[in-house]
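Asks: This is the structure I have questions about; it appears just below.
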Amino acid sequence: MKNATKPFTQSFASIGAACLVSLLMGCVLAASAQAPVPDSPAIEAKAHALLAKLTLEQKIELIGGVDSMFTHAEPAIGLPRFKMSDASVGVRTWGPTTAYAGGVALAATWDKDFARELGESLGKDARARNVNFLLGPGVNIARSPLNGRNFEYLSEDPFLNADMVVPYIEGVQSQGVIATVKHYALNDQEYNRHNVSSDVDERTMREIYLPAFEAAVTKGHVDSAMNSYNLINGVHATQNEFLNLKLLKGEWDFKGVLMSDWDATYDGVAAANNGLDLEMPSPRFMNAQTLLPAIKNGAVKESTIDDKVLRLLRTELRYGFTDRPQWDPAYSTYSVADRAVALQGALESLTLLKNEGHILPLDPSKVKTIAIIGPDAFPAVTGGGGSSEAHAFEPVSTLTGIANLLGPNVHVLYTRGLPEMTDVFRRTQWDGGVSKAIYPSKDFTGTPETTTLREIAGWQPGRRGPAQNVPHTIRYTATFKAATAGRYVMLAETGGEPFSVQIDGKQWVMPPHAEGQAPQSTTLNLTAGQTIHVVADYLPRSAGERFSLGIISETDLILPEVKQFASAADVVVVAVGFATATESEGLDRTFDLPWGQDALVEAVAAANPHTVVTLTGGGGMGVTRWLDKVPALLHTWYPGQEGGTAVAEVLFGTHDPEGKLPVSFDRSWEDNPSAKDYYPIKGADTALHVTEYGKPPVDYVIPHVKYEDKLMVGYRYWTTTGKHPLYPFGFGLSYTTFSFSKLSVPTAAASGATVPVSFDVTNTGSVAGAEVAQLYVSDPSAKVQRPERELKGFEKVRLAPGETKHVTLNLDARSFSYWDEATHNWKIDPGKFVILVGDSSESTPLHADLTLN
Ligand code: BGC
């Protein structure tokens, strides 16, 4: 270890001395970015020379991680270990940090320059924490709003993802930090993410799910990629020859490091032979016990291991990690400049969806009393849950952001509006108590041990213990009698462990016994005195019991001050949506808002017509129960630590809203094009036998999700079928108006040539604002079925009132191509194409025909 850190200590001393000299000379420290140098014969020679000094055992050691977040050091060649950090909304692994509007919020900005700026800030934050590998960006496609990690990813569109991720990666890597594009690939749900197989045809993969990874490699030159947990067409990502060898390292010529997701490796030999370079967080499978005999008997070639080590060495040498310290005095862990970037991201991403009667912007001089209500109003909800969760410096909530903007002379009335979740479980009046039966088996067979309880309230709902092989299952049986007629909220929660509930013999939680689900709630309409019979099955997966279930009338649920405050205020802001416990890695979320929130919005809207609703979440969600009762709706995504300031500035018109939906906003979950194919198909499970050296073999059941929605993801489905979601992809309101004119497209061009498309965008309103000009291509004469239109270009245009800007977008060959299954190549069918330009996938006022010869 002492030797290993020597190069650092030496170069730190020399940099320190150089800085001191600079300071003495009156120079100001400037961030010393130290972008990676390109590969060269000198670097190759150095990497090979280092490799030659290693024994086979030392090489194998280098391809496994240590201490959860580090590569392995090798003192024999003076190689220190290198540090990693998550990622999606801030450099979060090593203490408090700046939390940005990342992932889906970044996509909602549609601002490529900002993507680069954000990348640079993340790179600087990483350098400030001595981090060498940033474990982001995530670019999986938002196929369904249920995926608990959509908030970490970008959008439903491969082109938008690709165009945003390239400058982002360039920004991170320009700071001398390796970006890691993840999760490669088809990791589009959290439910059963370790075992599920995403079964997808090649055309769908090439056109929808892979372009952002491809662009990250071929255009962004990303130096690290992370394989996902799931299987793809029956083969785990970490040992998937097609993805790792044929595409990533073959066609795309990726020269960097391919690491596994944390514990996503299942077979050391297969992973070694199929492209995995680094098993994280530790070498459970790609280790000496497995690989030495495999190399000896020819199952794995030593040159295969050499290639992995060379990739690590080459990358580390290109970044100069062994010649310079990752931290130097130019980098600070807390930075005011970062706060400005966090605020800019939030301001650019907030997406105004409804503004009836121009209730917004609010006039601060007319507001004497404002009520700010809802579970997402305070504390600040900066991001979703899981490994990206950042402990933000000074997060600004919607409550504090608005109060700060309005100043001391305005009365601010705040209430959460709803009780804590545990209150619902404790306050539930089960009729005659709850029967709890503990079965001595994993499938509710055998003679149970039975007790009677007053409530179903597991210990610390939402908290998960370490996974264990729990040998028993628990069934709760209870009856509930409605005291009064009306709506009741039923709420169930286990902190991600499998459960199912039947109400009067009908399955409620779907799919039953599902692991990886957020708290579930439903609304029941009961008559006075009506009795319902509830059976809840719980399959504990860790120590302690976590299952909780409750039922409460909506009237009892809403806190009494909601009506008082809402009635007394000039205007009410209701902040609803998801948060870390309800939208998170490891869980799929609900489409409906979390429990009680629909009732809360209705209660507020009934008390005050001047109600503005803000939404927090990684995509669309159920709003139709109350949407026509409120005049304004603002989607805030997860806006990062400055979100509250941005919300205040947008609501009060200091900043014109400019976010555009990066996903189609569905009316209901059933409306989503993936809904009927989202869960694994019944009867198609396969078996997987995994042997970890020195441990008993484990058999896994592999459920298969068939992507029968194929290319028809999001707006591709809506525009092809001619149906409409609630709000279309690309949509977002502004306080000003824009017009598009003067479209210029050549009438004909050669297939494969670059086609320039130009047009004007004018701010026709009276305030400054930004429009996102979107260019879609339609291919009516294609010989195969294609989506009716596809995004192939966009530009964010910032305009003063009355100002016009001329925009030119160039369409390359890929813009007109589809993946031809017969020739396994991209293909253009000559003939008519239509170029459409406008401000959403459904609003394209400019169009022109183009013939490709
Ligand atoms: C996540 C990755 C993350 C890793 C390290 C995994 O559970 O899926 O996205 O980078 O943990 O924290």
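The values are calculated or read from the model by the stated rules, or taken from the named source; none is laboratory data. Keep in mind that this is a model prediction, so the values were computed, not measured. Neighbour counts run over all protein chains shown; Cβ positions are idealised from the backbone, glycine included. We work out accessible area using only protein heavy atoms, side chains counted, and drop any ligands, DNA or RNA first. Shrake-Rupley method; radii C 1.70, N 1.55, O 1.52, S 1.80 Å.
Asks: In nanometres, what is the gap between the two model label sites at K723 and L245, each 7 Å from Cα along Cα-to-Cβ?
Replies: Simple spin-label model gives 4.2 nm for this pair.
Asks: Quick one: go through segment 218-262 and flag any residue whose amide nitrogen is under 13 Å from the point 7 Å out along the Cα-to-Cβ line of K46.
Replies: Flagged as within label range: none.
Asks: Can you tell me the dipole magnitude for the chain around its Cα centre, using point charges on the Cβ only (Lys, Arg +1; Asp, Glu -1), in Debye to the nearest 20? Could the numbers behind the result be given before it?
Replies: Numbers: 73 positive and 96 negative charges, 176 e Å.
Computed about the Cα centre, the dipole is about 840 debye.
Asks: May I have the pair-distance distribution P(r) for the chain, computed from all Cα-Cα distances with 20 Å bins from 0 and rounded to whole percent?
Replies: 15, 45, 34, 6, 0
Asks: Please name which of V834, L850, A800 has its Cα lying farthest along the dipole of segment 791-853 towards the positive end, using unit charges on Cβ (Lys, Arg +1; Asp, Glu -1) and the Cα centre as origin.
Replies: Going by the charge dipole, the pick is A800.
Asks: Could you tell me which of S365, I438, A492 has its Cα farthest along the dipole of segment 337-494 towards the positive end, charges placed at Cβ (Lys, Arg +1; Asp, Glu -1), taken about the Cα centre?
Replies: Ranked along the dipole, the leading option is I438.
Asks: How many percent of the accessible area of segment 622-743 is carbon or sulfur, using a 1.4 Å probe?
Replies: Percent of accessible area from carbon and sulfur atoms in segment 622-743: 56.
Asks: Excluding P657 itself, calculate the net charge of residues whose Cβ lies under 12 Å from the Cβ of P657, where each Lys or Arg counts +1 and each Asp or Glu counts -1.
Replies: Residues close to P657 contribute a combined charge of -3.
Asks: Related question: For the chain, with every protein chain kept in place, what is the accessible area per residue (1.4 Å probe, Å²)?
Replies: Accessible surface, normalised per residue, equals 36 Å².
Asks: A follow-up question, please. So for the pair R487, E803, with labels modelled 7 Å out along Cα→Cβ, what separation do we get in nm?
Replies: Each label point lies 7 Å from its Cα, and together they span 4.5 nm.
Asks: Something else: Given a Förster distance of 25 angstrom, what is the FRET efficiency for T764 paired with A606, based on the Cβ-Cβ distance and rounded to 0.05?
Replies: 0.10
Asks: Next question, about the same structure. Farthest toward the dipole's positive end in the chain, which of M259, T522, I551, given Cβ charges of +1 (Lys, Arg) and -1 (Asp, Glu) about the Cα centre?
Replies: M259
Asks: May I ask you to order 36-48, 705-717 by the average number of other C-beta atoms within 10 Å around their residues, highest value first?
Replies: 705-717, 36-48
Asks: Could you give the length gained on full extension between E561 and A528, defined as 0.36 nm per residue of separation minus the Cα-Cα distance, in nm?
Replies: 9.3 nm
Asks: Leaving ligands, DNA and RNA out of it, work out the accessible area of D592 with a 1.4 Å probe and give it in Å² to the nearest 10.
Replies: 90 Å²
Asks: Let me ask something else about it. Between A33 and N810, take the C-beta separation as r, use R0 = 35 Å, and let me know the FRET efficiency to the nearest 0.05.
Replies: Between A33 and N810 the formula returns 0.75.
Asks: Taking the Cβ of E821 as the centre, find all other residues whose Cβ is under 10 Å away and add up their charges (Lys, Arg: +1; Asp, Glu: -1).
Replies: On the way: positive: R203, R206, K827; negative: D201, E202, D820.
So the surrounding residues net to 0.
Asks: Continuing with this model, one more query. What is the percent carbon and sulfur in the accessible area of segment 196-272, measuring with a 1.4 Å probe over the protein chains and ignoring ligands?
Replies: Working: 920 of 1820 Å².
That share works out to 51 percent.
Asks: Just read off the accessible area of V396 with the full protein assembly in place, 1.4 Å probe, to the nearest 10 Å².
Replies: Looks like 20 Å² after rounding.
Asks: Here is a further query. If you stretched the chain out fully between A684 and T304, how much longer would it get, using 0.36 nm times the residue separation minus the C-alpha to C-alpha distance?
Replies: Residue separation times 0.36 nm, minus the Cα-Cα distance, leaves 133.3 nm.
Asks: Another question, if that's okay. Express in whole angstrom the spacing between the alpha-carbon centres of segment 567-585 and segment 69-120.
Replies: Going from one Cα centre to the other spans 29 Å.
Asks: For segment 246-273 and segment 623-690, what is the separation of their C-alpha centers, rounded to whole Å?
Replies: 32 Å
Asks: Continuing with this model, one more query. Tell me what the chain gives for mean residue ellipticity at 222 nm when only DSSP H runs of n ≥ 4 count, each as -39,500 (n - 2.57), the sum divided by the residue total, rounded to 500 deg cm²/dmol. Display every interim value, and only then the final one.
Replies: Values: 18 runs with 188 residues, N = 853.
So the helix-based figure for the chain works out to -6500 deg cm²/dmol.
Asks: Same structure again: Where in segment 346-383 is the amide nitrogen less than 16 Å from a point lying 7 Å along the Cα-to-Cβ axis of N409?
Replies: Answer for this model: 363-370.
Asks: Obtain the nm distance between the two label points defined at K219 and V66 by a simple spin-label model: each point lies 7 Å from its Cα along the Cα-to-C-beta direction.
Replies: Computed distance between label sites K219 and V66 equals 4.0 nm.
Asks: First measure r as the distance between the Cβ atoms of E57 and H824, then evaluate 1/(1 + (r/R0)^6) with R0 = 56 Å and state the FRET efficiency to the nearest 0.05.
Replies: Efficiency for this residue pair is about 0.85.
Asks: If packing is taken as the average number of other Cβ atoms within 10 Å across a peptide's residues, how do 790-802, 184-196 rank, most packed first? Before the final figure, lay out each step's value.
Replies: On the way: 790-802: 18.2, 184-196: 24.8.
Highest-to-lowest ranking by the protection proxy: 184-196, 790-802.
Asks: Peptides 140-147, 418-425, 638-645: what's the order by average Cβ count within 10 Å, highest mean first? Mind dumping the intermediate values first?
Replies: Numbers: 140-147: 26.5, 418-425: 18.8, 638-645: 31.4.
Ranked from most to least packed, the peptides come out as 638-645, 140-147, 418-425.
Asks: Please report Rg (one decimal) and Dmax (integer) in Å for the Cα set of segment 135-256.
Replies: In order Rg, Dmax, the Cα atoms of segment 135-256 give 13.2, 38 Å.
Asks: Within a Cβ distance under 15 Å of L406, other residues only, what is the Lys/Arg minus Asp/Glu net charge?
Replies: -1
Asks: Here is a further query. Loop only per DSSP, at most 14 neighbouring Cβ atoms within 10 Å: give me the trypsin sites (Lys or Arg not before Pro) in segment 368-476, ordered by residue number.
Replies: Of the trypsin sites (Lys or Arg not before Pro), the ones in loops of segment 368-476 whose Cβ has at most 14 other Cβ atoms within 10 Å are K368, K442, R454, R463.
Asks: Considering only the chain, what is the antiparallel percent among its DSSP beta bridges, to the nearest 5?
Replies: 70 percent
Asks: Follow-up question, since we're still on this one. Explain nothing, just the number: dipole magnitude of segment 105-144 about its Cα centre with +1 on each Lys and Arg Cβ and -1 on each Asp and Glu Cβ, in debye rounded to the nearest 20.
Replies: It comes to approximately 160 debye.
Asks: A follow-up question, please. Give me the distance between the Cα centres of segment 140-169 and segment 709-783, rounded to whole Å.
Replies: After rounding, the separation between the Cα centres reads 19 Å.
Asks: While we're looking at this one, here's another question. Determine the relative contact order of segment 565-669: mean sequence separation of Cα pairs under 8 Å and six or more apart, normalised by residue count, in whole percent.
Replies: Once divided by the residue count of segment 565-669, the mean separation gives 28 percent.
Asks: Taking Cα pairs under 8 Å and at least six residues apart, what relative contact order does the chain come out at, in percent?
Replies: This gives 14 percent for the chain.
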